[in-house]
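J.: I'd like to ask some things about the structure below.
The values are calculated or read from the model by the stated rules, or taken from the named source; none is laboratory data. As the structure is a computational prediction, the values presented were derived from the model and not from experiment. No Cβ is skipped: glycine too gets one built from the backbone with ideal geometry, and neighbour counts run over all protein chains shown.
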Amino acid sequence: MSKICIVSDSSINISEALAKELDIIVAPLSVIIDEKEYQDQVEMSPQALIDLLEKGTLVTTAQPNLGLLDTMMETLKQADYDHIIVFSLSGHLSGTYQAFVLAANNHELDNITILDTQTLAGPMKDVVIQAAKMVKAGYSVADILKMADTVFSMTRSYLFPHTLDQLKRGGRVSATVATLSSLLKIKPLLILENNGLTIDKFATARTEAKIFDLMIKDIQTDVENGENMKLHVLHCDGIDIAQRLEAELRKHFKDVEIEVASLPAVLAAHAGIKSVALQLSKTL
């Protein structure tokens, strides 16, 4: 049986215990505050991040520390794996994919496959966990990559920020747009489509219920006509909003698997407190 290693970044948002149980190596993204760098989920816990966001602190994120990746690749090389599979969050949203490639090239690893998943969070987490289980069950690299391609061929992600304040602080929207949105009481809905280049504005509405309705109508055809679809509802300290969205989804899609979890730092840091995301993908 081949000795295969599964690697990902912390945007999959899994616990240290689960990563250890499944032998998944996780490269922590960088959380940056006042020009100081912290390792996501290692030096910066989800609750600590929420506390900072509640204070209005400017929080940004970046690719994993290059020194850390360099050490990781050297360790992987010395471990003498038959193959290493790396799942990276979308290269259009982060420099993480290129950082993995650079670190692997620096150590002349020729037994490594680095995938730009072109998504993040829920669908990526599902694939990484399934890949690790397949390794333990004796599946081949080709089998694992085929499974991953099946899921990543159909993903769509919506982001519903509670306000535009954190996006304004991070320079993702202008102060004028954020102020007008607040004054007019307009709620934005952002989208990252499959293979999307960036997160774009999808729609605006005046009520939470209308935002929910917009998302449900947009995914309805894919959910009802597709096979084995799954929905992820993610939130940043907004479990009440997430549960209301889950309830609406269950009214329309009674037989579809729905998982509720926390937003990874890479999204929470930019979207802010009470933000909620909905992700559609194929299940496994």
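J.: Every residue in the range 201-249 that is in contact (Cβ under 8 Å) with a residue 40 or more places away in the chain, charged (D, E, K, R) and outside any helix (DSSP H, G or I), please.
T.: Glu227, Lys230, Asp237
J.: In the range 250-265, what count of residues is obtained for those that are touching a residue at least 40 places away in the same chain (Cβ under 8 Å) and either more than 19 Å from the chain's Cα centre (by Cα) or part of a strand (DSSP E or B) (or both)?
T.: Here the count works out to 3.
J.: Restricting the range 19-59 to residues that are more than 18 Å from the chain's Cα centre (by Cα) and on the phi > 0 side of the Ramachandran plot, which is modelled with the lowest pLDDT?
T.: It comes out as Gly56.
J.: Quick one: count up the residues across the range 19-45 that are farther than 18 Å from Gly272 by Cβ and in contact with an Asp or Glu (Cβ under 8 Å, 6 or more places away or on another chain).
T.: Final tally of qualifying residues: 5.
J.: Among what's in the range 86-145 and is in a strand (DSSP E or B) and of a type in the set (A, V, I, L, M), pick the residue that is surrounded by the most Cβ atoms within 10 Å (Cβ to Cβ).
T.: Filtering the range 86-145 for residues that are in a strand (DSSP E or B) and of a type in the set (A, V, I, L, M), the one surrounded by the most Cβ atoms within 10 Å (Cβ to Cβ) comes out as Val86.
J.: Filter the range 52-73 down to the residues that are part of a helix (DSSP H, G or I) and closer than 13 Å to Gly272 by Cβ and list them by number.
T.: If the condition is that a residue be part of a helix (DSSP H, G or I) and closer than 13 Å to Gly272 by Cβ, then Leu52, Leu53, Glu54 are the ones that fit.
J.: Filter the range 1-53 for residues that are over 24 Å from His83 (Cα atoms) and hydrophobic (A, V, I, L, M, F, W, C) and give the result.
T.: Across the range 1-53, the qualifying residues are Val31, Ile32, Ile33, Val42, Met44, Ala48, Leu49, Ile50, Leu52, Leu53.
J.: When the range 70-116 is examined, which residues are found to be within 21 Å of Gly138 (Cα to Cα) and in contact (Cβ under 8 Å) with a residue 40 or more places away in the chain?
T.: Residues satisfying the conditions are Leu76, Ala79, Asp80, Tyr81, Asp82, His83, Ile84, Ile85, Val86, Phe87.
J.: Still on this structure, please answer the following. Looking only at the range 175-195, filter to residues that are touching a strand residue (DSSP E or B) at 6+ places or on another chain (Cβ under 8 Å) and modelled with pLDDT under 80; which one of those is surrounded by the most Cβ atoms within 10 Å (Cβ to Cβ)?
T.: Leu192
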